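Enquirer: Sending over a structure as structure tokens; questions will come in a sec.
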Amino acid sequence: GASLLSSPPMGNNSSAASSSASSSAADAHLRSHMSEYQDQTHFTLAEVKHMYGQFQQVAMRSGSGQAGRISRADFFAALTELKITSLGPRDALLQRLFDVFDHDADGTVDFREFLTSLSICARGSLRERVLFSFSLYDVDENGYVSKEDMCESLLAMISTMEKVSLTAGVDTLNSEDEIRGFVDALFSECDVDADGRLSLEEFARAVEAHPVLLQYTKVLMSADTADDRPHRYLVCVDATPASERAFRQVLRDVLKAGHELFVVTCIPAIDMDERPPFQKKELFVAEYEALCERKRVTVASYLEYCQQMGIAATPIEETEVKDVAAAICAVASRIDADVLVIGFEGEDHAERKSGSASHEASIGSVAKSLVANVHCSVLIVK
């Protein structure tokens, strides 16, 4: 079938073996925690996988001295890998963000800490962002936000956010004088008990009245983290009505949001052991070839329809397939698919009539295997 295997590495074999072992360990870790990471964040499975790969590249070069962790010095590189470029390596805001990302305050950030923090900043609910931001503004970590805490934090933001204006609603903050005036007015408004500091609930009211306090989260937006980023749809094509329904449903999403579309078809390997008793070999082979032709004709018709609609679709054909689910999983991984789409006619749809070839695996078993193993979301269309 199709393959994107690279040439074997040249040079030091022990180094290549070490790299391969590290990669295998990382893959095993990812598989065992994938659903957990997705459940704890607002990212898709494919996004988690992509960010894990980017994070691991930095972690493997890290000077943290701990596997799978990055140090303060590596934090900028980890964000840059995700195309987050509004922060500079010496920015005060970058340093403060590292402190908040480091949940257990051990001086390093692991992938769970990195992913959950990034998820909150980029896509979190208002309550999630309030809780995260309270930790960021609480510079001395005493459980309250003082005037000095807020001034220090906002000053760090305006010195960093040249590409992202610190403006929201009626509030515009461009200088130290403006910040101090803003903080004095905010405390007069929101410091209910007049103790010169904001509790979490008082801070939440301040955010509701002054959304500018959350504007810093914009620096963590990129093509990789944006909530409305284009997704990669992988549609599995066979010659069933459900496959066509799945395809047309995805087209509506692609047209509306500009997502990428990939179309995969699996051409099975012929297995003469599946030939029914008393069926002639020539008829069995002819049925196999007819099945393959139906799949290819279906793909061609889908691509022609895409062209008429002005949608770019990338066809992928996997040949000599013995395990359909494994082949589809491999393709989804290769293209970093966000959503895998399959049609499902029901367990009894596959043709298994006496005297006919049985080249189609039950889509039910395939679907179950894909849901269990593929590293992206799965959409099953009936």
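Enquirer: Return the sequence-ordered ³J(HN,Hα) values of segment 117-130 in whole Hz as given by the Karplus equation 6.51 cos²θ - 1.76 cosθ + 1.60 applied to θ = phi - 60°, using x for Gly and Pro.
Expert: Karplus-based 3J(HN,Hα) across segment 117-130 equals 5, 5, 4, 5, 5, 7, 9, x, 5, 4, 4, 4, 6, 5 Hz.
Enquirer: Give me, ordered by chain and number, the residues 5 or more places off Val321 or on other chains with an amide H under 5 Å from its own placed amide H.
Expert: Here Ile267, Ala269 satisfy the definition.
Enquirer: Name the lysines eligible as straight-distance cross-link partners of Lys295: C-alpha to C-alpha under 18 Å, and not fewer than 8 places from it in the same chain.
Expert: Correct list for Lys295: Lys322.
Enquirer: From Cα coordinates alone, what are the radius of gyration and Dmax values for segment 180-221 in angstrom?
Expert: Rg then Dmax for segment 180-221, in Å: 11.2, 36.
Enquirer: Computed FRET efficiency, Cβ-Cβ of Ser301 and Lys218, R0 41 Å: what is it to the nearest 0.05?
Expert: Using R0 = 41 Å, I get an efficiency of 0.40.
Enquirer: Right, here's the next one. Once you wrap a convex hull around the alpha carbon atoms of segment 105-166, what is its projected area averaged over all directions, in nm²?
Expert: Result: 5.3 nm².
Enquirer: Could you go through segment 194-199 in sequence order and give the Karplus-derived ³J(HN,Hα) for each residue, using 6.51 cos²θ - 1.76 cosθ + 1.60 with θ = phi - 60°, rounded to whole Hz, and x for Gly and Pro?
Expert: 6, 9, x, 8, 9, 6
Enquirer: Hey, another quick one. In square nanometres, what is the average projected area of the Cα convex hull of segment 151-295?
Expert: 15.8 nm²
Enquirer: Follow-up. For segment 248-341, what is the per residue volume of the convex hull drawn over the alpha-carbon atoms, in cubic angstrom?
Expert: 101 Å³
Enquirer: How large is the convex hull of the Cα atoms of segment 71-214 per residue, expressed in Å³ as a whole number?
Expert: 108 Å³
Enquirer: So, R0 is 22 Å and r is the distance between the beta-carbons of Asp106 and Glu128; what FRET efficiency does that work out to, to 0.05? Before the final figure, lay out each step's value.
Expert: Details: r = 23 Å, r/R0 = 1.03.
My answer for the efficiency is 0.45.
Enquirer: Moving to a separate point now. Ordering Ser146, Ser188, Ser35, Ser153 by how much accessible area each has at a 1.4 Å probe, largest first, what is the list?
Expert: These residues rank, largest area first, as Ser188, Ser35, Ser146, Ser153.
Enquirer: Sort Val139, Val371 by heavy-atom solvent-accessible area, probe 1.4 angstrom, most to least.
Expert: Sorted by accessible area, descending: Val371, Val139.
Enquirer: To the nearest 0.05, how large is the calculated FRET efficiency for Ala269 and Glu208 if R₀ is 56 Å and r is the Cβ-Cβ distance?
Expert: It comes out at approximately 0.35.
Enquirer: Can you list the trypsin sites (Lys or Arg not before Pro) in segment 78-137 that are in a DSSP coil and have 15 or fewer other beta carbons within 10 angstrom?
Expert: Lys83, Arg90
Enquirer: Rounded to a whole number of µm²/s, how large is the Stokes-Einstein D of segment 252-302 at 20 °C and 1.002 mPa s, given Rh as the Kirkwood radius over C-alpha pairs?
Expert: Translational diffusion coefficient: 158 µm²/s.
Enquirer: What distance in nm separates the simple spin-label points at Arg229 and Leu255, each placed 7 Å from Cα in the Cβ direction?
Expert: Here the answer is 2.7 nm between the modelled labels.
The values are calculated or read from the model by the stated rules, or taken from the named source; none is laboratory data. Being a predicted model, the structure only gives us computed values, none of them experimental. Because the Cβ atoms are built from the backbone with ideal geometry, glycine has one as well, and the counts that use them run over all protein chains shown. Just so you know, the surface numbers come from the protein's heavy atoms only, side chains and all, with ligands and any DNA or RNA stripped out. Shrake-Rupley method; radii C 1.70, N 1.55, O 1.52, S 1.80 Å.
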